[in-house]
Amino acid sequence: MAAKKRPWKCCDQAVCTRSIPPICRCMDQVFECPSTCKACGPSVGDPSRHVCQDQYVGDPGPICRPWECCDSPTCTKSNPPTCRCGDEVDKCAPTCKTCLPSRPRPSRRVCLDSYFGPFPPACTPKAVAAGGN
């Protein structure tokens, strides 16, 4: 049975059906499930982490990571990794907690937050970044 209210505040690894409205689960690995989660189980990949097993009918909600995408990530080799993003941007995402001026270009900003989770998607398509069409 699906929850009437979304049991998580944000989700980076949503798995949803293609139905309208979708039925979603959030597969984010966390140290502790939110109190609104009714069925919290250990992560298969890392037993020290947990995954909320609840299902929710509707939009899975906003992302958790401090940036939407990243062209210059630095990540650990753990699975899942802990990542930071070195992209210089005009304005940091609202989810970024520590946004500071870039050292080489103070008019640009860099989010210094680190994030434990899936590798962030690229902002620029590879063909464009490589100078292709």
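The values are calculated or read from the model by the stated rules, or taken from the named source; none is laboratory data. Because the structure is a prediction, the values reported are computed rather than measured. Neighbour counts run over all protein chains shown; Cβ positions are idealised from the backbone, glycine included. When the accessible area is computed, the model is the full protein with side chains, heavy atoms only, and any ligands, DNA or RNA have been set aside. Shrake-Rupley method; radii C 1.70, N 1.55, O 1.52, S 1.80 Å.
Out of the strands (runs of 3 or more DSSP E) lying entirely within the stretch 1-47, which hold 3 or more residues that are surrounded by 13 or more Cβ atoms within 10 Å (Cβ to Cβ)?
14-16, 23-26
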Matching entry among Val57, Val51, Val44 (being free of Cβ contacts under 8 Å to residues at least 12 places away in the same chain and either within 26 Å of Pro21 (Cα to Cα) or among the β-branched types (Val, Ile, Thr) (or both)): Val44
Tally up the residues in the stretch 47-91 that are under 21 Å from Lys9 (Cβ atoms) and of a type in the set (Asp, Glu), please. 3
Please identify the pairs in which a residue from the stretch 84-101 that is in contact (Cβ under 8 Å) with a residue 12 or more places away in the chain and over 16 Å from Pro73 (Cα atoms) has its Cβ atom under 7 Å from the Cβ atom of a residue that is outside any loop (DSSP other than H, G, I, E, B) and aliphatic (A, V, I, L, M), counting only partners at least 6 apart or on another chain. Leu100/Val110
In the set Ser72, Ser114, Ser78, Ser107, which member is open to solvent by 40 Å² or more (accessible area, probe 1.4 Å) and in contact with a Gly (Cβ under 7 Å, 6 or more places away or on another chain)? Ser72
Looking for something part of a loop (DSSP other than H, G, I, E, B), of a type in the set (Val, Ile, Thr) and more than 17 Å from the chain's Cα centre (by Cα) - is there at least one such residue anywhere in the stretch 62-76? no
